[in-house]
Amino acid sequence: MREEIIMAGFGGQGIMSMGQLLAYAGMKEGKEVSWMPSYGPEMRGGTANCTVIVSDSRIPSPLSSRPDTLIVMNLPSLNKFAPIVKKGGTIILNSSLIDSEVKRDDVEVIEIPANEIANKLGNSRIANMVVLGAYLTHHKIIDIATVKESLKSVLSERHHNLIPLNEKALDRGTEIV
């Protein structure tokens, strides 16, 4: 098994946290992982993306020119990364902020109203966990329980009070797919 994922959106949408969480949980399960962040000119509001690779065998490079999956939180990132997703791959998009159709018929598109769901749960900043839950349910590369266990290690201590809310968001994402 080898899964290459690009996660992309605006700075402040939790793109890096989502990628770190996935990579850490993969490590906890004994898989080979890589996490490679890429920031735009600003931390908040600028573009941010990361590449995560989870594999049963060694990973020779942390780069991905043809990802299996794109998790995308905003329209500029969809426009930038959708063309490089592998034929037969998956695009999971935040339909709360992306009202444009994916112009490819050779990939599976899963639309998740992540911001709307996060707002209903009480905090718009957990939209990233909603889409991560949906991704993990669809691809099953890492057990959701391992991801939940990893929250304490990945989130800074000042955000530990938000762990139960993040867990609810992950669960809600699993219910959607």
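Values quoted throughout were computed directly from the atomic coordinates according to the rules given, and no laboratory measurement underlies them. This one's a predicted model, so the numbers in the text were calculated from it and none came from an experiment. Positions of Cβ are backbone-derived with ideal geometry, glycine not excepted, and every protein chain shown enters the neighbour counts.
Here are the numbers for this structure:
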{"quantity": "Residue list for segment 137-157, restricted to those being farther than 15 Å from GLY14 by Cα, part of a helix (DSSP H, G or I) and not β-branched (Val, Ile, Thr)", "calculated": "HIS138, HIS139, ALA145, LYS148, GLU149, SER150, LYS152, SER153, GLU157"}
{"quantity": "Test: residue in segment 135-157 that is small (Gly, Ala, Ser) and either over 24 Å from GLU4 (Cβ atoms) or touching a Pro at 6+ places or on another chain (Cβ under 9 Å) (or both)", "calculated": "yes"}
{"quantity": "Among (1) within 22 Å of ASP99 (Cα to Cα); (2) surrounded by fewer than 20 Cβ atoms within 10 Å (Cβ to Cβ); (3) among the hydroxyl-bearing types (Ser, Thr, Tyr), the one test that THR69 misses", "calculated": "(2)"}
{"quantity": "Verdict on SER17 being in contact with a helix residue (DSSP H, G or I) (Cβ under 8 Å, 6 or more places away or on another chain) and farther than 19 Å from ILE144 by Cβ", "calculated": "no"}
{"quantity": "Test: residue in segment 151-161 that is buried (at least 16 other Cβ atoms within 10 Å of the Cβ) and over 16 Å from LEU21 (Cβ atoms)", "calculated": "no"}
{"quantity": "Residue count, segment 100-129 (criterion: part of a helix (DSSP H, G or I) and closer than 18 Å to LEU78 by Cα)", "calculated": "4"}
{"quantity": "Within segment 3-83, strands (runs of 3 or more DSSP E) holding 3 or more residues that are more than 19 Å from ALA169 (Cβ to Cβ)", "calculated": "32-39, 47-55"}
{"quantity": "Conditions (1) surrounded by fewer than 21 Cβ atoms within 10 Å (Cβ to Cβ); (2) touching a helix residue (DSSP H, G or I) at 6+ places or on another chain (Cβ under 9 Å); (3) touching a residue at least 12 places away in the same chain (Cβ under 8 Å); number of the one not met by SER124", "calculated": "(3)"}
